[in-house]
There are 2 protein chains.
Amino acid sequence: VSSGTTGTTVTAGLDIGGTKILGVAVDPADPETIVGEARVPTPDGEEQLLDAMAEVVVKLGSPAAVGVGIAGLVSRGGVLQVSPNIPGLRGVDVVAEMHRRVGLPIRVDNDATCAAWGEHLAGAARGADDVVCVTLGTGIGAGIIADGELVRGAHGFGGEAGHMVVDPSGPPCPCGRSGCWERFASGSGLARLARDAAAAGRLERARLLAGGEATAVRSEHVSSAAAEGDAQALAVMDAFARWVALGVGNLVTLLDCSLVVIGGGLVALGDLLLDRVCTAFRTDVMSPEERLDVRIVPAQLGDRAGAIGAAMLGSRELSP
Amino acid sequence: VSSGTTGTTVTAGLDIGGTKILGVAVDPADPETIVGEARVPTPDGEEQLLDAMAEVVVKLGSPAAVGVGIAGLVSRGGVLQVSPNIPGLRGVDVVAEMHRRVGLPIRVDNDATCAAWGEHLAGAARGADDVVCVTLGTGIGAGIIADGELVRGAHGFGGEAGHMVVDPSGPPCPCGRSGCWERFASGSGLARLARDAAAAGRLERARLLAGGEATAVRSEHVSSAAAEGDAQALAVMDAFARWVALGVGNLVTLLDCSLVVIGGGLVALGDLLLDRVCTAFRTDVMSPEERLDVRIVPAQLGDRAGAIGAAMLGSRELSP
């Protein structure tokens with residue numbers, strides 16, 4: 001844990017995860033340099049969580065403003081309307097509660113929105129004005145940048161790409177509908193493809209790596225077997241990459257992005273996933289011959305993207 | 001045919017359809033008032049078409065700038081890269097060719113993009129900053145407005161909502177993929193639903209209205225039978241409205257629009273379609289309880305929306 005430097009304006013960015021709160025301090029004039037960082041476990045309970053968030057801000061020195069990224073639907077005013085991971089903050093006016101605790105200008109946004117903004121200002125999307133940043137984890141989050149600006153939407157809920165329906169006869173989603181993109185193209189989607197293949201008697205190598213039981217096969221066993229060149233595991237990776245590319249193709253078709261940044265835990269699959277997504281994308285976007293310049297690249301900021309983007313969004317709350 | 005008034009700046013907007021060119025003259029300060037209008041048939045052949053477009057501009061008096069809307073993928077520079085309806089203009093630099101003919105500042109955009117901008121400035125989307133305008137015709141076009149500005153995308157191709165894949169096992173699309181939204185939710189989609197139902201022995205009343213043959217049943221026979229209260233025709237309308245709502249739900253989930261404007265030929269179905277879409281939307285969008293204020297409304301400008309929007313986009317080419 002270090003603190004911000006003196007003499008320059010520093011803003012704090014917090015990314016509130018299900019297990020930890022990650023905070024960074026950034027000079028808004030130089031978002032590529034992190035001048036302070038702090039991590040604390042995410043406590044249960046509204047008061048404890050808000051207090052822990054305030055504690056992280058204090059650990060980051062004397063920031064001039066604070067940005068916060070949280071999974072879920074965050075209103076433009078900073079109320080967490082829907083929260084799948086942090087039930088303790090559901091319905092909480094996070095801006096008001098944090099302002100009461102730290103007395104600084106506060107901004108709260110969706111975590112994937114923050115991550116997209118971080119990658120845009122300091123990571124893989126620098127210099128690109130029409131971008132979608134997709135976070136492939138247990139679910140799918142996304143942030144959209146159009147003509148250099150975030151698409152926040154009427155309420156602040158913009159970017160929920162994981163809940164585009166891509167197959168109405170697909171598996172049910174906790175959101176209440178069926179066949180949402182994140183049922184297919186997230187870590188959960190890969191795990192389901194792997195379980196189905198193992199249950200059908202395929203994926204022998206992955207089953208061996210998992211200890212022998214088909215029900216124990218997880219995405220990491222599939223990716224390990226695929227990395228060894230196992231044909232059955234590679235076939236599962238092909239099928240998974242097609243689902244990722246289908247949604248990416250939809251987003252590029254709709255938004256005409258020149259760049260798609262893929263972040264989140266599944267980026268650890270590396271070229272095994274990304275090369276396949278790039279190949280499938282060429283048949284999964286409208287008029288691919290007019291989009292030869294469109295690139296699909298891995299995120300660069302890792303798990304700090306959301307906190308960096310939050311810090312930069314927080315800096316917008318400073319008076320000019 | 002009338003011409004622009006003197007003393008005020010007027011810009012011309014042209015909507016290039018497969019059968020006619022519609023031109024309007026608009027005072028950019030008052031886009032709700034059309035001060036001139038002209039229509040000519042769309043000729044075949046590149047030179048003839050460009051000459052006819054120039055003729056419409058002359059008929060509109062002395063505009064200061066010209067905007068043009070054309071179906072297809074129009075580059076930001078005004079080249080019609082992909083053109084499903086106007087093959088004569090495919091690959092043509094429409095800005096350069098029109099500038100050579102009329103000597104005025106020119107802007108060219110996709111027709112659905114122009115229509116969205118027209119509805120935003122002078123029609124159903126006035127006052128709403130986060131809007132998607134969907135044109136349901138033979139295919140589906142759309143224009144996206146985020147925070148009050150058009151989402152044009154990196155190349156100028158933004159808004160191709162009709163080619164979001166909503167069911168990868170669906171019917172093949174002329175675009176090369178399968179299961180695009182416009183396969184289900186356009187006039188062609190309704191006709192396919194109607195043919196399938198008639199072939200399966202349903203839609204007796206619509207078949208009677210069509211002269212008796214199942215293969216002769218078209219969307220207008222279904223809508224006529226549905227308007228009479230025929231249960232089988234109403235069931236087809238229900239199924240069709242669900243497909244419309246599925247894509248609208250995807251767009252609102254992704255972009256967090258507060259308003260969806262439905263235009264195009266299928267708006268003639270009126271409440272028979274729109275009421276059903278509004279009902280289905282409530283289960284086809286993520287977190288509907290957070291979006292009770294989202295409205296789905298019919299377009300107001302009819303077939304003039306594209307020309308009005310084009311005229312207003314053309315006015316952006318004027319020096320300030």
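The values are calculated or read from the model by the stated rules, or taken from the named source; none is laboratory data. Predicted model only: the values in this text are computed from it and were never measured. Ideal geometry is used to build each Cβ from the backbone, glycine not excepted, and the neighbour counts take in all protein chains shown. Side chains included, ligands, DNA and RNA excluded: accessible areas come from the protein's heavy atoms. Shrake-Rupley method; radii C 1.70, N 1.55, O 1.52, S 1.80 Å.
Just a few scattered comments:
- Candidate set from segment A:164-209 (those that are under 28 Å from B:L255 (Cβ atoms) and of a type in the set (A, V, I, L, M)); member that is modelled with the lowest pLDDT: A:L190
- Any helices (runs of 4 or more DSSP H) falling wholly within segment B:209-300 and containing at least 1 residues that are charged (D, E, K, R) and in contact (Cβ under 8 Å) with a residue 24 or more places away in the chain: B:231-255, B:271-284
- Residues of segment B:175-187 that turn out to be in a loop (DSSP other than H, G, I, E, B) and either under 18 Å from the mean Cα position of the chain (by Cα) or away from chain A (no Cβ under 11 Å) (or both), as a count: 2
- For segment B:134-149, taking the residues that are more than 9 Å from chain A (Cβ to nearest Cβ) and more than 16 Å from B:G72 (Cα to Cα), the one that is farthest from the chain's Cα centre (by Cα) is identified as B:G148.
Let's see how each residue does on (1) away from every other protein chain (no Cβ under 14 Å); (2) surrounded by fewer than 24 Cβ atoms within 10 Å (Cβ to Cβ); (3) under 30 Å from A:F157 (Cα atoms):
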site	(1), (2), (3)
B:A235	yes, yes, no
B:R242	no, yes, yes
B:L246	no, no, yes
B:G249	no, no, yes
B:L254	no, no, yes
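- Criterion violated by B:G263 - all others in (1) buried (at least 21 other Cβ atoms within 10 Å of the Cβ); (2) out of contact with any Ser or Thr (no Cβ under 6 Å at 6 or more places or on another chain) satisfied: (2)
- When restricted to residues that are at negative phi and either open to solvent by 10 Å² or more (accessible area, probe 1.4 Å) or under 17 Å from the mean Cα position of the chain (by Cα) (or both), segment B:224-233 contains 6.
- Restricted to segment B:263-320, and to residues there that are of a type in the set (D, E, K, R) and farther than 29 Å from B:A233 by Cβ, the residue that is nearest to the other protein chains (Cβ to nearest Cβ) is B:E290.
- Apart from one condition, B:F157 fits all of (1) surrounded by fewer than 24 Cβ atoms within 10 Å (Cβ to Cβ); (2) farther than 19 Å from B:I262 by Cα; the exception is (1).
- In the set (1) in contact with a Cys (Cβ under 9 Å, 6 or more places away or on another chain); (2) within 22 Å of B:E290 (Cβ to Cβ); (3) in a loop (DSSP other than H, G, I, E, B), the condition left unmet by A:I144 is number (3).
- Taken together, the residues in segment B:118-139 that are under 15 Å from B:A307 (Cα atoms), buried (at least 24 other Cβ atoms within 10 Å of the Cβ) and small (G, A, S) amount to 2.
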